[in-house]
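Below: one structure, written as structure tokens.
The values are calculated or read from the model by the stated rules, or taken from the named source; none is laboratory data. Worth saying up front: this structure is predicted, and the values here are computed from it rather than measured. FYI the Cβ positions are ideal-geometry reconstructions off the backbone, even for glycines, and counts take in every protein chain you see. Accessible surface areas use protein heavy atoms only, side chains included; no ligands, DNA or RNA. Shrake-Rupley method; radii C 1.70, N 1.55, O 1.52, S 1.80 Å.
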Amino acid sequence: MKNEKIKFRDRVKDISAGLGDSLKESSLWGSIFRPGSPFRKGYSDSPRNRSYVVMNNVLYHLHPVKVKRHAVRLSYTLCLGGLSFFTFIVLTITGIWLMFYFRPTEMAYVDIQSLQTSIAFGSLVRNMHRWAAHIMVIVVFLHMSRVFYHGAYKAPREFNWVIGVILLLLTLLLSFTGYLLPWDQLAIWAVTVGGNMASYTPVIGAQVKFALFAGLEATEATLLRFYVLHVLFLPFIIVIFMAIHFWRVRKDGGISGPL
Amino acid sequence: MVDIPEHLLIKTAEARAKALGISVEQALAEMKGEVEPTTISKEPEVIDVKPIEVKEAPAPAAEVKEAPAPAAEVKEAPAPAPAAGVKTDVPAEVDFAPETRVTQRLLTVVKAKPIQKPTSEPVDKVNTWPHLMLPEFISLMAMTAFLIFISAILQAPLLEEANPNITPNPAKAPWYFLGLQELLSYWDPQIAGVMIPLIIGVAAFMAIPYIDRNKDNKPSKRKYAIMLWTFFLAGAGTLSLIGILFRGPGWNWTYPWIDGVWFDDLLDWVHFE
Ligand code: HEM
């Protein structure tokens, strides 16, 4: 019995198969996993339980119990929207970790240096945060292209496209504000170039740049301003728009198509 | 008993009182279970009467007319109710057609068609678990693995500390703005402006679904739209590549293989100089 190979399929049916029954029988365990969870004792694979896995789960906020068959084909969405969201989650987690070691003051550059040299996993987490930021911009853009090529912005999804454009702008702004934080030559001059573009706004150009930079040029006041935008304001806004975006995907009848 | 709001209780009691011909207080008491409920002594014997073995399908009104008995009984029903406050006289409104003593009346004629109209075709659906959640989980894991892998081998750039007095040449925006920077280098920003074209551009993007009135989503039916977007991708890609690889000091044209690359965003680790 024990040597019998458990097939992957069966694992999926009871993904907690390896756990001891006494653990799964405990009332603590039962209190954590709601009825229908594949982690619960006695979960069996049935259409009813498959529905419960979603319905009795916090993920019910994101997913309906059933989806169109063509929508689960990886080749349709390429999972790009989901991956945009997931990169955002990764960025949130690594970002919060980085906040423990980072001061948006004249110490910023030193803090980044010590992250790279003397803090355990500092270099890895900084790299993850930075590359994930680049990846998110790419993935969101690819998601947008996929939506366009599928004509998935057509009625009734017009407004979700508009929300999507806002999400793209917010993603770029998040990336741009984060760009300044390492406070090195790359950061300050890239942001200066961006700020100069804003200053070419007719009539109010100077004011726009002043508001953005908290002064006439990139200083430590700018650093603080960008920091607050980056770690608090913009994530807050983007989460709200993501919530509306996901909600609209479902209210508009799920994924578009099939083509 | 569940807490039912008082005003609803009273409304219900009024309806009940009217139907049974008893007082509102009586009905209320009955509903609260304080007194025995008033019962209609016998079921109306409509079933027994079976007035006509529908032969020539007479008009329904006729049928009703021929079933006088039950009505009488209903009317008498309130009488045996013992509780105080019983109204023995039937409210005038109930006796709306005394000559026929109807117990039913025609409210409306519902045509023989389904009440619910299916508006869409049934679609082929599968359970989200495991058919969607498993692929999602796998792509999420793959993404994490990929990210950790590149983070382990690629060091994120960190140049010298920021110094407002030393301007690098060229000063480049983040890579996703380099296409834009390249585009904007073609005109004098003081004259053509920057923000206005940008805002118009963003607005144009948002307006796409409202401009494209073609309802079809088949690629073969929207060749024009697909062509436009592909041009946009090609244009944006080309401009970005020029900005990233082919622009050197003074935003002059440079060849990456001759003059080197000015792109610290990614290439800090293979710096040509
Ligand atoms: C932070 C950025 C974004 C996130 C996290 C996100 C997330 C998602 C997710 C999870 C879906 C479900 C389907 C799929 O995976 O493709 C979706 C669908 C959709 N997204 Fe996004 N999205 C983002 C940005 C955008 C952008 C920039 C646009 C377009 C301008 C857009 C427009 C749409 C539309 C129209 C749909 C419905 C597609 C369909 O029904 O096939 N989204 N989004």
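What is the distance, in nm, between label points placed 7 Å from the Cα along the Cα-to-Cβ direction at B:L106 and at B:I196?
Those two pseudo-labels are separated by 7.3 nm.
Amide H of B:V261 versus every other amide H placed in the peptide plane: which residues, excluding those fewer than 5 positions away on the same chain, fall under 5 Å?
Close amide H contacts, sequence-distant or interchain: B:F272.
Sequence-distant or interchain residues sharing an amide H contact under 5 Å with A:K66, placed H: which?
B:T128
Given 0.36 nm per residue, what is the gain on full extension from A:I204 to A:A221 after removing their alpha carbon distance, in nm? Walk me through the numbers on the way to the answer.
Details: separation 17, 0.36 × 17 = 6.12 nm, distance 2.08 nm.
Using 0.36 nm per residue and subtracting the Cα-Cα distance, I get 4.0 nm.
If the chain between B:I138 and B:D259 were fully stretched, how many nm would it gain, using 0.36 nm times the residue separation less the Cα-Cα distance? Each step should come with its number before you reach the end.
Numbers: separation 121, 0.36 × 121 = 43.56 nm, distance 4.31 nm.
The span from B:I138 to B:D259 would gain 39.2 nm if fully extended.
As a test of the definition: with a 1.4 Å probe, what buried accessible area, both sides summed, do you compute for B against A, in Å² to the nearest 100? The partial results should precede the final answer.
On the way: alone 22050 and 16720 Å², together 31500 Å².
In total, this chain pair buries about 7300 Å².
In this model, which of A:K209/B:K172; A:K41/A:K66; A:K66/B:K113; B:K117/B:K221; A:K68/A:K154; B:K113/B:K221 are farther than 27 Å apart at the alpha-carbon? All intermediate terms of the calculation are to be shown ahead of the outcome.
Details: A:K209/B:K172 18 Å; A:K41/A:K66 24 Å; A:K66/B:K113 30 Å; B:K117/B:K221 30 Å; A:K68/A:K154 18 Å; B:K113/B:K221 37 Å.
Result: A:K66/B:K113; B:K117/B:K221; B:K113/B:K221 exceed 27 Å.
No solvent, one uniform scatterer per C-alpha: report log10 I(q)/I(0) for segment B:141-238 via the Debye equation at q = 0.14, 0.20, 0.21 1/Å, two decimals.
So the normalised log intensities work out to -0.92, -1.12, -1.14.
What order do B:D124, A:D184, B:D264 take when sorted by accessible area (1.4 Å probe), most exposed first?
Details: B:D124 90, A:D184 5, B:D264 40 Å².
I get B:D124, B:D264, A:D184, largest accessible area first.
Any chance you could get the radius of gyration and Dmax over the Cα atoms of segment A:19-68, in Å?
11.8, 39
Just the accessible area for A:I237, please: 1.4 Å probe, Å², rounded to the nearest 10?
Taking all protein chains as shown, A:I237 has close to 40 Å².
Based only on the alpha carbon positions, what is the Kirkwood hydrodynamic radius of segment A:113-259, in angstrom? Walk me through the numbers on the way to the answer.
On the way: mean 1/r = 0.0574 Å⁻¹.
Hydrodynamic radius (Kirkwood, Cα only) of segment A:113-259 equals 17.4 Å.
Measuring from label point to label point, each 7 Å out along Cα→Cβ, what is the B:K11 to B:S120 span in nm?
Distance between the two pseudo-spin positions: 3.4 nm.
May I ask you to give the percent of accessible area on chain A that is carbon plus sulfur, with a probe radius of 1.4 Å?
Values: 8910 of 13140 Å².
Whole-percent figure for carbon plus sulfur exposure: 68.
In segment A:232-259, which residues give up 20 Å² or more of accessible area once the other protein chains are added, compared with their chain alone (1.4 Å probe)?
A:L259
Would you mind computing Rg(Cα) / (2.2 N^0.38 Å) for chain A, counting N as its residues?
Working: Rg = 23.4 Å, N = 259, 2.2 N^0.38 = 18.2 Å.
That ratio works out to 1.28.
Would you tell me the accessible area of B:V123, worked out with a 1.4 angstrom probe on the heavy atoms of the protein chains, in Å² to the nearest 10?
Using a 1.4 Å probe on the heavy atoms, I get roughly 80 Å².
For A:D184, enumerate residues with amide H under 5 Å from its amide H, sequence gap 5+ or separate chain, H modeled in the peptide plane.
So A:D184 has HN proximity to B:A162.
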